Every structure is written in C-alpha cells, then in structure tokens.
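The values are calculated or read from the model by the stated rules, or taken from the named source; none is laboratory data. Just so it is clear, the model here is predicted, and its values are computed rather than measured. All Cβ positions, even for glycine, are placed from backbone atoms using ideal geometry, and neighbour counts span all protein chains on display. Keep in mind that these areas ignore ligands, DNA and RNA; they rest on the heavy atoms of the full protein, side chains included. Shrake-Rupley method; radii C 1.70, N 1.55, O 1.52, S 1.80 Å.
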Amino acid sequence: MALVAACTVVGLTISTTGPAHAATFWDTESWTDPSDKDPGGVEAGSGLWRSDGSGEYWVFFDPYGEKLSVKDGYADGHAARARVVVTDAQGHTQDEDTFYVGTADGLKEYNLGTPDGSGDIAEGLNVTVYVCINETTTCSPSTFGKA
C-alpha cells in the first residue's frame with residue numbers, strides 16, 4: 001500500500017466513493033500532489049480497493065521521467081485497465097493510451113512518450129489517469145497530473 005503511504009504529503013487532494021462490482025464493494029481514491037523532483041510537475045494517482053482489504057487496482061503517474069505504474073492486485077480473472085489522456089492547456093487531446101495489466105504481471109511500469117515516440121511528454125501538458133476493472137464499468141475517479 002505504498003500509494004496510501006504517499007498520501008501524507010502537503011498539498012494532497014483525495015476523493016472517495018464506493019462503486020460495486022459483482023456484489024463486491026470497492027472503495028475508490030484519487031489524489032494529486034506537486035512533484036518534489038520535477039518543478040511544475042504534478043503526480044496523480046487513482047485506485048480501487050476491495051472493502052475487505054483482499055485486493056486492489058491502481059494507477060500512478062510520476063511526472064519525473066513521465067512514468068506510469070499500473071497494478072492489478074486482485075485475482076478475479078479481470079485485468080487492470082489503465083487509461084491515460086494527455087491534453088494541452090486548451091484541453092485539446094495530444095495523446096491517449098490504454099494499458100492492460102494482469103494479476104500475474106503484478107506491478108508494471110511504463111515510460112510514457114509523445115504520440116510519435118520521439119521523446120517524453122512535453123513539460124506543462126496535462127495528464128489524466130484512472131483505472132478500471134477490465135470488461136466492467138467499475139472505475140476509479142479520474143485524476144489530473146501535469147508533466
């Protein structure tokens with residue numbers, strides 16, 4: 001639960017709700033935090049946790065190196081489906097991607113690049129992330145970071 005431990009930093013924004021999936025109740029959480037390694041960058045995380053503590057799905061965007069971490073921590077036959085949308089200051093979409101991570105993968109990290117693959121996401125672009133239980137409509141809240 002390193003994601004929860006990181007939530008003690010000043011400037012934190014958290015929202016919580018509780019969707020259901022296959023008669024199982026999930027707690028959701030999303031948060032943002034100014035990056036201590038990337039001036040002007042904003043970290044963003046969002047996740048789903050089983051209310052009984054037996055599993056989790058989460059996504060985390062780190063603006064330092066434009067890294068994305070995705071975890072499927074619940075063996076229910078569904079992968080974690082993480083969505084990333086990169087927009088400019090006017091809200092125009094610059095790139096969007098979906099990442100799938102299965103329970104066997106555990107935690108996977110991705111280095112996000114520009115749409116043409118020529119480099120990292122430009123500084124100042126907005127990065128929206130959320131995670132869903134694949135093949136369902138159960139998703140964590142969208143949360144907004146900045147590269």
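Evaluate segment 40-54: report whether one residue or more is under 20 Å from Thr28 (Cα atoms), surrounded by 12 or more Cβ atoms within 10 Å (Cβ to Cβ), touching a helix residue (DSSP H, G or I) at 6+ places or on another chain (Cβ under 9 Å) and modelled with pLDDT under 95.
yes
Regarding Gln90, is this residue open to solvent by 60 Å² or more (accessible area, probe 1.4 Å) and not in a strand (DSSP E or B)? Quick ask: steps written out before the conclusion?
Details: open to solvent by 60 Å² or more (accessible area, probe 1.4 Å): yes; not in a strand (DSSP E or B): yes.
Here the answer is yes, as Gln90 does meet what is asked.
Please work out if Trp26 is modelled with pLDDT under 95, among the aromatic types (Phe, Trp, Tyr) and buried (at least 20 other Cβ atoms within 10 Å of the Cβ). Please lay out each step first, then the result.
Working: modelled with pLDDT under 95: yes; among the aromatic types (Phe, Trp, Tyr): yes; buried (at least 20 other Cβ atoms within 10 Å of the Cβ): yes.
When the stated conditions are applied, Trp26 passes them.
Given (1) in contact (Cβ under 8 Å) with a residue 40 or more places away in the chain; (2) open to solvent by less than 50 Å² (accessible area, probe 1.4 Å); (3) within 14 Å of the chain's Cα centre (by Cα), where does Asp72 come up short, assuming only one miss?
Checking Asp72 against (1) in contact (Cβ under 8 Å) with a residue 40 or more places away in the chain; (2) open to solvent by less than 50 Å² (accessible area, probe 1.4 Å); (3) within 14 Å of the chain's Cα centre (by Cα), the one that fails is (1).
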